[in-house]
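Visitor: Have a look at the structure that comes next, please.
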Amino acid sequence: MTCSQIAAAIGVSRNAVIGKIHRLGLSSGRPAGAPARANCPPRARHPRGPTQRRLLRLAYAQAALDEILSDVVVISLRPCSLLAIDAHQCRWPIGDPTTPNFVFCGNDAIGGLAYCVGHARMAYRAPRRR
């Protein structure tokens with residue numbers, strides 16, 4: 001039986017069965033280094049979405065070099081409260097959270113990140129070279 005079948009039969013997870021096999025020192029039923037399935041074609045790779053690193057490279061590529069190196073003030077065009085913020089808006093906090101006029105930036109966020117372009121540059125700075 002496979003680990004999944006054993007797990008279904010005794011009512012535990014597949015990982016629990018695999019862990020118990022390793023703790024007891026039992027073999028998996030095939031020699032080490034042997035392929036798991038000999039007659040199966042390779043799986044098709046799914047295209048990966050943009051990673052955070054790629055998104056940040058795009059954000060930095062859109063800005064001029066002097067803008068990146070200087071401390072740029074980001075103007076929040078649509079500041080909003082925690083209750084009014086949407087999923088596609090920048091979540092950069094503005095002000096003191098203990099005061100009633102505390103808001104979030106509210107500008108359009110970069111897809112895949114929680115911040116707008118300006119605040120993403122501030123949050124994800126590359127370390128300075130020594």
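Visitor: Read through the list (1) more than 24 Å from T51 (Cα to Cα); (2) open to solvent by less than 40 Å² (accessible area, probe 1.4 Å), then give the number of the only condition that A109 fails.
Guide: Checking A109 against (1) more than 24 Å from T51 (Cα to Cα); (2) open to solvent by less than 40 Å² (accessible area, probe 1.4 Å), the one that fails is (1).
Visitor: State the number of residues belonging to segment 26-36 that are closer than 15 Å to C3 by Cα and either modelled with pLDDT under 75 or not in a loop (DSSP other than H, G, I, E, B) (or both).
Guide: So the first thing to find is which residues in segment 26-36 are closer than 15 Å to C3 by Cα, and the list is 26-30, 36.
From the residues that got through so far, the ones that are either modelled with pLDDT under 75 or not in a loop (DSSP other than H, G, I, E, B) (or both) too are 27-30, 36.
Residues meeting the conditions: 5.
Visitor: A follow-up question, please. Kindly establish whether P50 is modelled with pLDDT under 80 and open to solvent by 60 Å² or more (accessible area, probe 1.4 Å). Steps first, answer last, please.
Guide: Values: modelled with pLDDT under 80: yes; open to solvent by 60 Å² or more (accessible area, probe 1.4 Å): yes.
When the stated conditions are applied, P50 passes them.
Visitor: To continue, here is another question. Sort through V17, V103 and tell me the only one that's hydrophobic (A, V, I, L, M, F, W, C), modelled with pLDDT of 85 or more and within 26 Å of the chain's Cα centre (by Cα).
Guide: Working: V17 fails: within 26 Å of the chain's Cα centre (by Cα).
One residue alone meets the criteria, V103.
Visitor: Pairs please, first residue from segment 1-13 and assigned to a loop (DSSP other than H, G, I, E, B), second anywhere and surrounded by 12 or more Cβ atoms within 10 Å (Cβ to Cβ) and at pLDDT below 95, Cβ atoms under 8 Å, 6+ apart in sequence or on different chains.
Guide: Cβ pairs passing all conditions: S13/A7.
Visitor: Can you find even one residue in segment 78-99 that is open to solvent by less than 50 Å² (accessible area, probe 1.4 Å), within 22 Å of R54 (Cβ to Cβ), at pLDDT below 90 and in contact with a Cys (Cβ under 9 Å, 6 or more places away or on another chain)?
Guide: Looking through segment 78-99, none of the residues is open to solvent by less than 50 Å² (accessible area, probe 1.4 Å), within 22 Å of R54 (Cβ to Cβ), at pLDDT below 90 and in contact with a Cys (Cβ under 9 Å, 6 or more places away or on another chain).
The values are calculated or read from the model by the stated rules, or taken from the named source; none is laboratory data. From a predicted model like this one, the values you see are computed outputs, not experimental measurements. Glycine also receives a Cβ, built like all others from the backbone with ideal geometry; neighbour counts cover every protein chain displayed. Heavy atoms of the whole protein, side chains included, go into the accessibility calculation; ligands, DNA and RNA do not. Shrake-Rupley method; radii C 1.70, N 1.55, O 1.52, S 1.80 Å.
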